[in-house]
1. Does region A:87-99 contain any residue that is within 14 Å of A:Ile51 (Cβ to Cβ), out of contact with any Asp or Glu (no Cβ under 8 Å at 6 or more places or on another chain), in contact (Cβ under 8 Å) with a residue 40 or more places away in the chain and more than 11 Å from chain B (Cβ to nearest Cβ)?
2. Within region B:30-87, which residues are hydroxyl-bearing (Ser, Thr, Tyr) and loosely packed, with under 13 Cβ neighbours inside 10 Å?
3. Of the residues in region A:24-80, how many are touching a helix residue (DSSP H, G or I) at 6+ places or on another chain (Cβ under 7 Å) and assigned to a loop (DSSP other than H, G, I, E, B)?
4. Can you find a residue that is out of contact with any Pro (no Cβ under 9 Å at 6 or more places or on another chain), aliphatic (A, V, I, L, M) and more than 12 Å from every other protein chain (Cβ to nearest Cβ) anywhere in region A:109-125?
5. Does region B:38-60 include one or more residues that are touching a Pro at 6+ places or on another chain (Cβ under 6 Å), closer than 29 Å to A:Asp62 by Cβ and within 10 Å of another protein chain (Cβ to nearest Cβ)?
6. Any residue that is without any contact (Cβ under 8 Å) to a residue 24 or more places away in the chain and part of a loop (DSSP other than H, G, I, E, B) - is there at least one of those in region B:39-53?
7. How many residues, within region A:76-97, are within 14 Å of the chain's Cα centre (by Cα) and either over 18 Å from A:Val5 (Cβ atoms) or not polar (S, T, N, Q) (or both)?
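Every read-out reported here was derived from the displayed coordinates using simple, explicitly stated rules and does not represent laboratory data. For clarity, every value in this text was computed on a predicted model and none was experimentally measured. Here Cβ is always computed from backbone atoms with ideal geometry, including for glycine, and neighbour counts include all displayed protein chains.
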Amino acid sequence: EVQLVESGGDLVQPGGSLRLSCAASGFTFSSYWMTWVRQAPGKGLEWVAAIRHDASQKDYGDSVKGRFTISRDNAKNSLYLEMNSLRVEDTAVYYCARGRLVVASGGRYSGLDVWGQGTTVTVSS
Amino acid sequence: IVMTQSPVSLPVTPGEPASISCRSSQSLLHSNGYNYLDWYLQRPGRSPQVLIYLGSNRASGVPDRFSGSVSGTDFTLKISRVEAEDVGVYYCLQALQTPQTFGQGTKLEIK
């Protein structure tokens, strides 16, 4: 079964740090772009960051650039989000999602077609 | 790229059609000929799921009552006959440029 499972969400004080993880199973993790999306309480979806299958490209949303770092370990089928200098407005459910498939002949885009269940980050004093 | 989605709220009678619009502030047309616009549904208490990708391609397992269309920078999601299970918030997402951007969401409810 294709699956993504996030973990690492917690209550943290403003200015603190946190590391989220996303464990992938059931597919060839090393062949896919991966993305983090968040949703603040009662709000819409916000794209946070994405990483190429081989980690050669990383992109960030404007609100997290310089504070968050996306990374991956293909040997462990895992995606990470290192969050520093956390702000109250970073409070949200964080989802990891599977993106574009990259293969030698080019690749295939099918949207963000697999999502985890989310992990909750609360930034509060 | 700014995505402007409408309406914010959409009450629909079961069996009736529904339509949601999304307008992008610039073209989402890639050089490969595809428009990088997706539609997602987030059911209450659930993670989002993709319905339509690249403007008009239905994702695997999505009922054929869902369809997507493109006209320049205007994108439309149509549900031919709304069912109770279609309740939730619908989002468009532009995936052409980073940072990728979602529309504000449309909450579909059953009358």
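1. no
2. B:Ser31, B:Ser60, B:Ser71
3. 2
4. Yes: one or more hits.
5. Yes, region B:38-60 contains a residue that is touching a Pro at 6+ places or on another chain (Cβ under 6 Å), closer than 29 Å to A:Asp62 by Cβ and within 10 Å of another protein chain (Cβ to nearest Cβ).
6. Scanning region B:39-53, I find at least one residue that is without any contact (Cβ under 8 Å) to a residue 24 or more places away in the chain and part of a loop (DSSP other than H, G, I, E, B), so the answer is yes.
7. Residues that pass the stated criteria total 12.
For every residue, the table says whether it meets (1) within 14 Å of chain B (Cβ to nearest Cβ); (2) of a type in the set (Ser, Thr, Tyr); (3) at negative phi; (4) under 11 Å from the mean Cα position of the chain (by Cα).
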{"site": "A:Pro14", "(1), (2), (3), (4)": "no, no, yes, no"}
{"site": "A:Ser17", "(1), (2), (3), (4)": "no, yes, yes, no"}
{"site": "A:Cys22", "(1), (2), (3), (4)": "yes, no, yes, yes"}
{"site": "A:Ser25", "(1), (2), (3), (4)": "no, yes, yes, no"}
{"site": "A:Ala40", "(1), (2), (3), (4)": "yes, no, yes, no"}
{"site": "A:Ile51", "(1), (2), (3), (4)": "yes, no, yes, yes"}
{"site": "A:Gln57", "(1), (2), (3), (4)": "yes, no, yes, no"}
{"site": "A:Ser63", "(1), (2), (3), (4)": "yes, yes, yes, no"}
